[in-house]
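Colleague: Dropping the structure in here first, questions after.
Every number in this text was worked out from the coordinates using simple rules, so none of it is lab data. Quick caveat, the model's predicted, so the values are computed rather than measured. Counting neighbours? That spans all protein chains shown, and the Cβs are built from the backbone with ideal geometry, glycine included.
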Amino acid sequence: MIGAREGAFTAFRRVLARAMGAQPRVIVVPGRDVAVARGLDLIAAGLEPVASPRHANVLLIVGPLHPQLADAAATLYAQMPRPRAIVALGAENLTPLPPADVVCALSQEGLREATQALQERFAAGAFSETVKDFDAPALAVRVEYTCPMHPEVVSDEPGNCPKCGMTLVPKEAAAAGAHDGHGEKREHGANAAHAGHHGHGHQHGQKAHGGHQAHSGHETHGQASEATTYTCPMHPEIVRNEPGQCPICGMTLISSDSADSPGGHHGAHPEMGSDGSTGHGAHGKMDHSARGKMDHSNHGGMDHSAHSAGTDVPGIEPNFMSMVEMTKDLPASGDGLRMEWIDVPFGPFHPGLPGGLTLTLSLDGDTVAGAGLRGLARAAELQAMLPATLDDLRGALQGLSPHNAGFYVALLDHAVLAALGETTDLTVESAAIARLRLLGDLRWIAGLARLKGAIDLAARAEGLHRSLQIGHGEEIRAQLAQLCAKLQRAPVFRPIFSAKGGPGPTPAERLARMAQDIAAFADRAPAETAAPAHDMTGTGEAVVETGRGAARLKLTIKAGLVTDLQLVTPSQALAGHIAHITMHKELGEALAAVCLLDLDPWEVAQ
Amino acid sequence: MSAMFQYLVLFGLTVGTLGFVLCLYGLARSVGHRRAEAAKDVPATSGSLSRDPVWVRYHVRYYGYALLFLAFDMEMAFMYPWAVVYRQEGLTALLDMGVFLAILFLGLLYGWSQGAFRRQR
Amino acid sequence: MSAQLAFLAFFGAAALWFAVVVFRTHSMVRSALALLFSQTAVGAMFLVMQAEFLGVLQIMMMATEMSVMAIFMVMFMMDPGGLGAMEMTHQKKRSLWAGGLALIAALGVSWLGNWGPVATQLALPARQTELLGIELLGRSMLIFESAGLTILTAMIAATMVAITPLEDEPKKERHHGH
Amino acid sequence: MVIELLLALGIGAGLFGVGLYGALSQTNLVMIMMGVELMLAAALVNLVAFWRYLHPEAMSGQMFVLIVMTVMAVEMAVGFGVAIARFRSRGSVEMEEARELKG
Amino acid sequence: MSWLIPLIALIGAIYLLAVIEGWSLGGAFSLARPARAALAMIGQESTKTRKSDALFYQAGPVLLLVAGVLAVAVIPLAPDIILADMATGALFLNAALAYVLVALIMAGWGPNGAYAMIGGWRFLGQFLGYAMLIVMPITAVAMRAESLMTTQIVTSQAGLWNVFYQPLGFVLFMIAAQALIFLPPLDLPVAPGELAGGVEAEYSGPQLLVFRLARFVIILALAGAATTFYFGGWLGPVLPDWVWSGLKTMIIAAAMLSVGRFLPRLREERFLALCWKLGIPLSLINILVVGVLVLVVPV
């Protein structure tokens, strides 16, 4: 086992190793919801799912590892205490993770086999005389040196600041290239730590104002590698390295330089008050750094700039650091207290959110002051395939999302039929779609229940999901109706399922829809359409109501090949509302609001 | 059992618990040492490698409750000895504590009316 | 009664040690919890001095109150984590002198004074609580009620200064008046 | 027996000294309150010692302790209330900056 | 040797509780499961975060365990099977359990991790809610028993158990107990779904073992307290007295462990508002009702 703990196998260690293998505690990549979507039952297989990588000893990878999640999975693995094992179900390429200790098929049967195999692996290899450290490029840390007064001065070696002559202080940064393409991450690494200081307010001030624009506008940190980026004026979460159109609204992307005007920021984030000027960043940094400097006896004249008011007052110590100066430029909360904000990532493997979704919340205490979202969508790859045969396309769509692939395939079929000018048996089709929707609803309920800690409800929803997936529809129709009615009526769940406002269907509407679907669904997958003849040409559009809203697909077929394709999924639009619906909410509420949206990470832009 | 002996028992339990934990840690230590690896010492945040420090001036939203609690909490210092003699003292005790609690409850009502009992945003 | 003396010295030393830590550590949470444990040690001293009710009360009350204090420390201190190791004192020398002089004066008064014979007999803990209750409802009744009034005043004062009243909550304008 | 009384009083004196030092030397309102708390704790130690070794029959000694505890709680509630108000208006609870306010 | 029996009983009860918890979570009843889990944790590496407060990080679980053990010490299993029958037992139980708060603040602050810190401060908020609800019902119990001694509180219920005498107090006490030991639906500081473990999130290996162990000890202390204060402790026909108190304690503890499965987590804001706007008035009413009953009905 590569994740073994160092040490020879003594009798005592052998006992411990057996115990570890007998009840593996797993952390699931990308998440338990994906395991449910794949029809897995972890508990029935004898595994104990846990919430934190510190509690786990097995990393369970369900399905192919999305390239965007590879680094995150490596982080998760690195944070697990040894001895630790990797189980890959239906996943092949795991880099940068070490090769899996157990590889099995992606099915409940495979999971059972994996559990058996794990027991043997632990018993035989939980301890090992020779152990190699795990390392991945994403985990590397680079120590850089920066001037406390001039954060733009960054050097790889210790020395003095060329501007003011102060001694440079070390700080941690993510190693170059570790997060290529993520200006945001880069920025974090660069700003983090200020030699152990809390330079936060400023970062958030910036971030909330313009997302990536502000960051890229601030790339004076000597990072020449950072190229100009292009972003949508309406959707700041869209950042591209080359000019083009916004995938959400179709507007022309503008380069980061031109987007840096304050007007643009405010337009993008109307929720930010005018009290926070765009100048936070600079101020916050000055103050924090001046603070850090206090202990290093070297302060000269710079102090006066940081607290001009304080110095004229007699009786004040020369090294006095003004807190007024420090706090005055921080954004104020509703109650007028200026505290510091922290950026806390929730995801991509957060137990309460859809696996793969990365929600980064700026928290003022435990209240959300800003939110950013990152998903896994690879819409560009679909475009790159074109022109493609229908079969290739169907295969690609099936791999596009573990949650909603069924809808995409149905969309494709409908669109092709529309293109060919044919009609389908709508009642059969809608019954099949209703079943797909029900599956989605059950995952949605299970996810919310997990987030809220209602284990029983989650287990029930997941059990029904499994049965429905296998196709015991008729037997469980009554149970489904019972569950749905309970959620609509039970007072304990009312606070969750009666939430009002927000984009997309409200939970009440969704439950009502679910009740209709329960009556209407049929145990049958949507019918596949035959490939169009070679000479077929036409344009077709199809719309399917998913649980979260309408998904639409528009395609053009020329000579039997699909030449143009536009897939619009509800998550894309919903994701744009994240900042709005979480603003000023308590952390738990905000997470619940995100969970209620039922975003599919595979549909949300990276 | 004299009171002093009881305190000794409690003190002994404390020391014994500490000893038990130390033994447990000693046993765990005998299995192996911690291996310093990349990113293992970064706090776990669901797969994202967040190196930002989090020890900042934290904004609690329940300070309205906290302020009233600090004062109201004292009430129980008086209530326990009162409860013990309640039966002997009878109606006097009831009225006495009634007045005391009424006074305190006024404070709570005032705080309530001013919005101390809510999340401060 | 040498055991009593030994435990008194032990918990007294702990109380003093934690009291010193309060002002020596850079971490604000440590500072608050050091004060807490100092108070707990004082409570343990009360137990050793056979004031059981007061001792347990002190141990309980201070745990809660000082924990609440910790949160205010974290809210209002510049560097709550103490990683910056910044200096947060002024007039250190003068304060040291004042503290030292106060200590010597207090020691002088307490150790040079003639305390006369020391009591050896005292009521059992259960009886003590009862007597305290009788005292509370008897001679000290007005003191007890005035304590209630004091608490009421404190609650009103704290609410008045600290809480933004419901009516003129500036929330709406601040965040949405854009 | 009297040695225990003297020891308790000595510890009380020590706590008072430390508390006074803290109250005078700290720049932050919250830290100053911690000094005050320590001084009050010193008072508590002395009161209990006096009760125990001089007048164990008089429960008014214990009553006095309860009142001092009340004072501690009240002081904290009002002190933190003032701290919140000051922080809201000034962004600081540093005493140096209070002096600056006075001019 | 009278103190050895409660200790052995304590260890046995903890193990049984762990089995029950595994049963309710994992679905299968397995006697070996807790032992295996404990061994696995001993064999696991203990992690430590950088720039952390190592003292707090290490002290958190230990203080939690000490608080639990001291709380258990004043719970009587039978009239003479009790570790320390203190004159202020009920108050001491409170005092010991107040350190749960301190331990959680330490555990939350120590690792310098976001989830843990938020969890720790959340628990302080939760504490502000439940603190009064645990104190006031105990006062009402003490009024009837005329004593703070746990053994006397039990004997005072010979005529009628307190659960029938002051049901309101019992309900409030149980809610507060559930919040005190942060069991679902009041598991805000650990909140597996929201904070991915919260204060527990950074603990692994032996530290996690001590944390979990401490949690069981405190559950046991609270269930024992509920038995003592409301269910007449060892009082019961036929069976020996220690069996009665053990049985009652285990049933209450099992109920505490499993009730959260069926309820969604309460938000802190809501919990605090409920506790102060409804809970405190209700507990004052409870005291008033018990006050009148004590004076009027001679049970």
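Colleague: Give the distance, in whole Å, between the Cα centre of the range E:228-299 and the Cα centre of the range C:1-63.
Modeller: Here the answer is 32 Å between Cα centres.
Colleague: For the range D:2-102, what is the convex hull (Cα atoms) projected area averaged across all directions, in square nanometres?
Modeller: Mean projected area for the range D:2-102: 6.8 nm², to one decimal.
Colleague: On to the next question. Roughly how tilted is helix E:205-230, in degrees to the nearest 10 and between 0 and 90, from the longest Cα axis of chain E?
Modeller: With both axes taken from Cα atoms, the answer is about 10 degrees.
Colleague: Taking the alpha-carbon centroid of each part, what is the distance from the range E:62-120 to the range D:36-76 in angstrom?
Modeller: The two parts, judged by their Cα centres, are 25 Å apart.
Colleague: Please report the equivalent ellipsoid semi-axes of the range C:125-165, computed as sqrt(5 x eigenvalue) of the Cα gyration tensor, largest first, in whole Å.
Modeller: Over the Cα atoms of the range C:125-165, the ellipsoid semi-axes are 32, 11, 5 Å.
Colleague: Using only the alpha-carbon atoms of chain B, report the extent along each of the three principal axes, biggest first, to the nearest angstrom.
Modeller: 68, 53, 18
Colleague: Right, another one. Among residues other than D:PRO56 whose Cβ falls under 14 Å from its Cβ, what is the net charge (Lys/Arg +1, Asp/Glu -1)?
Modeller: Combined, the nearby Lys, Arg, Asp and Glu give -2.
Colleague: Here's something else I'd like to know. Could you compute the net charge surrounding B:MET79? Neighbours are other residues with a C-beta less than 12 Å from the C-beta of B:MET79; K and R count +1, D and E count -1.
Modeller: Charge balance in the 12 Å sphere: -3.
Colleague: A further question on this structure: Would you kindly give the portion of the calculated P(r) for the range B:61-121 that falls above 13 Å, as a percent of all Cα pairs?
Modeller: 66 percent
Colleague: Could you compute the net charge surrounding E:SER52? Neighbours are other residues with a C-beta less than 11 Å from the C-beta of E:SER52; K and R count +1, D and E count -1.
Modeller: Local charge sum for E:SER52: 0.
Colleague: How well do other chains shield peptide E:48-58, expressed as the mean number of their Cβ atoms within 10 Å of each residue Cβ?
Modeller: Mean shielding by partner chains, rounded to a whole number: 5.
Colleague: Against the longest principal axis of chain B, how steep is helix B:91-114, in degrees 0 to 90 to the nearest 10, with axes from Cα atoms?
Modeller: That works out to roughly 60 degrees.
Colleague: Binning every alpha carbon pair distance of chain E at 5 Å from zero, what are the percents per bin?
Modeller: Histogram of Cα-Cα distances, whole percents per bin: 1, 6, 12, 16, 18, 17, 13, 9, 5, 2, 1, 0, 0.
Colleague: Could you tell me which helices of chain C pass both thresholds, a Cα extent of 27 Å or more along their own axis and a mean Kyte-Doolittle hydropathy of at least 0.0, with helices taken as whole DSSP H runs?
Modeller: Membrane-span-like by this rule: C:2-24, C:28-48, C:52-76, C:92-112, C:141-162.
Colleague: To the nearest 20 debye, what is the magnitude of the charge dipole of the range C:65-145 about its Cα centre, counting +1 on the Cβ of each Lys and Arg and -1 on the Cβ of each Asp and Glu?
Modeller: Here the range C:65-145 has a charge dipole of around 360 debye.
Colleague: Taking loop as defined by DSSP and a crowding limit of 11 other beta carbons within 10 Å, which GluC sites (Glu not before Pro) in the range A:388-467 fit?
Modeller: Taking the range A:388-467 and a limit of 11 other Cβ atoms within 10 Å, the loop GluC sites (Glu not before Pro) found are A:GLU422.
Colleague: What whole-number distance in Å separates the alpha-carbon centres of the range A:98-164 and the range B:40-91?
Modeller: Here the answer is 38 Å between Cα centres.
Colleague: Under unit Cβ charges (Lys, Arg +1; Asp, Glu -1), what dipole magnitude, rounded to 20 debye, does chain D have relative to its Cα centre?
Modeller: Rounded to the nearest 20 debye, it is 240 debye.
Colleague: Taking 19 Å as the cut-off for C-alpha to C-alpha distance, list the pairs among A:LYS132/E:LYS51; A:LYS452/A:LYS486; A:LYS452/E:LYS248; A:LYS500/A:LYS585; A:LYS452/A:LYS585; A:LYS163/E:LYS51 that go past it.
Modeller: Over 19 Å apart, Cα to Cα: A:LYS132/E:LYS51; A:LYS452/E:LYS248; A:LYS163/E:LYS51.
Colleague: With unit charges on the beta carbons (Lys and Arg positive, Asp and Glu negative) and the dipole taken about the Cα centre of chain E, which residue among E:GLN126, E:TYR115, E:PHE182 sits farthest to the positive side?
Modeller: In chain E, that residue is E:TYR115.
Colleague: Over the whole of E:198-211, what's the average partner chain Cβ count within 10 Å per residue? Rounded to a whole number, please.
Modeller: 5
Colleague: Another question, if that's okay. Neighbour counts of other C-beta atoms within 10 Å: give me A:MET385, B:MET74 arranged from fewest to most.
Modeller: By the 10 Å Cβ count, ascending: A:MET385, B:MET74.
Colleague: Per-residue mean of other chain beta-carbon atoms within 10 angstrom of the beta-carbon, peptide A:571-582?
Modeller: If you average over the peptide's residues, the count of other-chain Cβ atoms is 0.
Colleague: Modelling each spin label as a point 7 Å along the Cα-to-Cβ direction, I'd like the C:ILE143/A:SER155 distance in nm, to one decimal.
Modeller: The modelled label-to-label distance comes out at 6.8 nm.
Colleague: Sort A:THR10, D:THR70 so that the residue with the fewest other Cβ atoms within 10 Å of its own Cβ comes first and the one with the most comes last.
Modeller: Ordered from fewest to most neighbouring Cβ atoms within 10 Å, A:THR10, D:THR70 come out as A:THR10, D:THR70.
Colleague: Using +1 at the Cβ of each Lys and Arg and -1 at the Cβ of each Asp and Glu in chain C, identify which of C:VAL20, C:GLY116, C:ALA157 lies farthest towards the dipole's positive end.
Modeller: Result: C:VAL20, furthest along the dipole toward the positive end.
Colleague: Return the loop-located chymotrypsin sites (Phe, Trp or Tyr not before Pro) in the range A:435-516 (DSSP other than H, G, I, E, B) with at most 16 other Cβ atoms within 10 Å of their own Cβ; answer none if there are none.
Modeller: Hits after loop and neighbour filter: nothing returned.
Colleague: Let me ask you something else. Got a sec? Charge dipole of chain D, +1 on Cβ for Lys and Arg, -1 for Asp and Glu; which of D:MET34, D:LEU54, D:LEU5 is way out at the positive end?
Modeller: Checked the options; the winner is D:MET34.
Colleague: How high is the FRET efficiency from A:ALA481 to B:ARG87, r the C-beta distance, R0 60 Å, rounded to 0.05?
Modeller: 0.55
Colleague: Considering only DSSP states other than H, G, I, E and B, which GluC sites (Glu not before Pro) in the range D:1-89 qualify as loop sites with at most 13 other Cβ atoms within 10 Å?
Modeller: D:GLU57
Colleague: Okay, moving on. For chain D, which DSSP H helices look membrane-span-like by this rule: Cα extent along the axis of 15 Å or more and mean Kyte-Doolittle of at least 0.0?
Modeller: The qualifying helices are D:2-25, D:29-53, D:60-90.
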